[in-house]
Amino acid sequence: LNNSLGSVYRRMGRLDLAKQHLDREIQLGGNVAGAYSNLAQLYYATKQYSELKEIAAGPETRNFVPVEIRRFLALREGRYVDYVREALAFRGTTAYGVLGAGLVLGVWFLYFQRIDGLKPKRLRYSGLILAGAMIFSCFSVPLYDAFAFGLHPNDTYQKDLLYYVLVVGLIEESLKVLPVLLVLWLTRAIDRPVDYIIYGSISALGFAFMENLLPGAAWRPGTISTRA
């Protein structure tokens, strides 16, 4: 209850009341993870970086701090290795998650190869585009942080719309099209309209594979079918 009240008051801008309820939630031992997460967001919004650093540095509390705030602190403190580790965020990937993501990739990759007949040339360039999309996907999070322009999700409806269109959408779709453009410019692999559809879809598939690795610990048969 106190965590929920603290979250509501934080969003309303009544920060003293928000902190009071969040501290109370921690004292009671209730939804401690949620309370620390809301406290971290409160400190981040009000630029109380010393208090924020204290939560992020605690071995029992750091995982409650939203990952985008941990990335911000790593950059602010010059911990670039930690920033890269947080940006890639594959530490939670499990063998089960890799298997599920691999099955999704394999089924769709074979499907795209069968469109318009199996061709060795297409298979070769499809592999290059797939690998390129996986590599380029790793640049998405640093680009979010570089070009967010003060926009963050879960702020207001208007800011959320701008964030997901101008930051997430523009960055992700630009990264997905880059491997296709490189193959288009450097080779003669794309010579028919259907090639744009196939190679573009394969590039998106490589990007999706990397995204599917992130929720590895939560992968279950239902998750696999839904994300597939």
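The values are calculated or read from the model by the stated rules, or taken from the named source; none is laboratory data. These numbers come from a predicted model, not from an experiment. FYI the Cβ positions are ideal-geometry reconstructions off the backbone, even for glycines, and counts take in every protein chain you see. For the accessible areas, the whole protein counts, side chains as well, though only heavy atoms, and no ligand, DNA or RNA atoms are used. Shrake-Rupley method; radii C 1.70, N 1.55, O 1.52, S 1.80 Å.
Key figures for this structure:
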quantity	calculated
Selection within the stretch 26-52 - over 26 Å from LEU75 (Cβ atoms) and either free of Cβ contacts under 8 Å to residues at least 24 places away in the same chain or in contact with a His (Cβ under 9 Å, 6 or more places away or on another chain) (or both)	ILE26, GLN27, GLY29
Some residue of the stretch 132-155 being open to solvent by less than 40 Å² (accessible area, probe 1.4 Å) and acidic (Asp, Glu)	no
Helices (runs of 4 or more DSSP H) wholly inside the stretch 41-110 that include at least 3 residues being open to solvent by less than 70 Å² (accessible area, probe 1.4 Å), under 24 Å from LEU15 (Cα atoms) and touching a helix residue (DSSP H, G or I) at 6+ places or on another chain (Cβ under 7 Å)	49-57, 67-76
Members of the stretch 1-19 that are open to solvent by 80 Å² or more (accessible area, probe 1.4 Å) and in a helix (DSSP H, G or I)	ARG11, MET12, ASP16
Matching residues in the stretch 154-173 - criterion: being charged (D, E, K, R) and not in a helix (DSSP H, G or I)	ASP155
Answer residue from the stretch 95-122, given it is under 20 Å from the mean Cα position of the chain (by Cα) and among the β-branched types (Val, Ile, Thr) and is nearest to VAL180 (Cα to Cα) among those	VAL104
Matching residues, the stretch 174-216, being closer than 12 Å to ALA101 by Cα and in a helix (DSSP H, G or I)	LEU205, GLY206, PHE207, ALA208, PHE209, MET210, GLU211, ASN212, LEU213, GLY216
Neighbours by Cβ (under 7 Å, 6+ apart or cross-chain): first from the stretch 185-207, in contact (Cβ under 8 Å) with a residue 12 or more places away in the chain; second among the charged types (D, E, K, R) and in a loop (DSSP other than H, G, I, E, B)	VAL194/ASP116
